[in-house]
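Reviewing the structure listed below.
The values are calculated or read from the model by the stated rules, or taken from the named source; none is laboratory data. Since we're looking at a predicted model, the values are computed, not measured. Cβ sites come from the backbone with ideal geometry, for glycine too, and all protein chains shown count toward neighbours.
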Amino acid sequence: MRHVVTIFGEAEKGQCRVPYFLNELPQLVDAFGHPPEMSEGLLYAIQALLFRRELIYFRVEEEGFSDHDYYVGLKCLEKRGAPIHALCLPGVCDPKILDAFQGLCRIHSSFLITSQKDLYDYLTN
């Protein structure tokens, strides 16, 4: 059974709002370079690949704040229709963005991966 993880995050290089399909760590480094300071997307991507998960990575300009990037990625995932087992949106605590992705999580019975900091920000927003 395939296990697909989708992550939205910042990166040093690569096109924004484009899905990258990755299976190995060297692909991640070649496509995105080093993680920017204070970003978490590539760190989650490394973990997913080390656990041998298929990865769909969307580069965003700024984690948690590039609303347009998240909505474009969401539309792309909705059109794709393939199963997504986990969705990771590091830095996102905006209820509008999280609510938009909630439907996708329901359709695929996906997990939403978040950090303690993001969950706290969401709950106290």
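Points worth noting:
- Figure legend. Inter-residue proximity from segment 64-78: first residues in contact (Cβ under 8 Å) with a residue 24 or more places away in the chain and among the basic types (Lys, Arg), second residues surrounded by fewer than 20 Cβ atoms within 10 Å (Cβ to Cβ) and outside any loop (DSSP other than H, G, I, E, B), beta-carbon distance below 8 Å, spacing 6+ or different chains. No pairs are indicated.
- Restricting segment 60-77 to residues that are over 18 Å from Pro35 (Cα atoms) and hydroxyl-bearing (Ser, Thr, Tyr), the residue that is surrounded by the most Cβ atoms within 10 Å (Cβ to Cβ): Tyr70
- Meets criteria (part of a helix (DSSP H, G or I) and either in contact (Cβ under 8 Å) with a residue 60 or more places away in the chain or buried (at least 17 other Cβ atoms within 10 Å of the Cβ) (or both)) for Tyr57: no
- Checking each residue in segment 26-51 for being more than 15 Å from Gly9 (Cβ to Cβ) and either of a type in the set (Phe, Trp, Tyr) or in contact (Cβ under 8 Å) with a residue 24 or more places away in the chain (or both) picks out Leu50, Phe51.
- From the list Arg17, Arg80, Arg52, Arg2, the one residue that fits, being surrounded by 15 or more Cβ atoms within 10 Å (Cβ to Cβ) and more than 24 Å from Thr124 (Cβ to Cβ), is Arg17.
- Single residue of segment 109-118 satisfying the filter (surrounded by 12 or more Cβ atoms within 10 Å (Cβ to Cβ) and out of contact with any strand residue (DSSP E or B) (no Cβ under 8 Å at 6 or more places or on another chain)) that is modelled with the lowest pLDDT: Ser115
- The residues of segment 20-35 that are surrounded by 15 or more Cβ atoms within 10 Å (Cβ to Cβ) and either among the small types (Gly, Ala, Ser) or in a loop (DSSP other than H, G, I, E, B) (or both), listed by number, are Ala31, Pro35.
- Leu98 being surrounded by 12 or more Cβ atoms within 10 Å (Cβ to Cβ), out of contact with any Cys (no Cβ under 7 Å at 6 or more places or on another chain), at pLDDT below 95 and of a type outside the set (Phe, Trp, Tyr): yes
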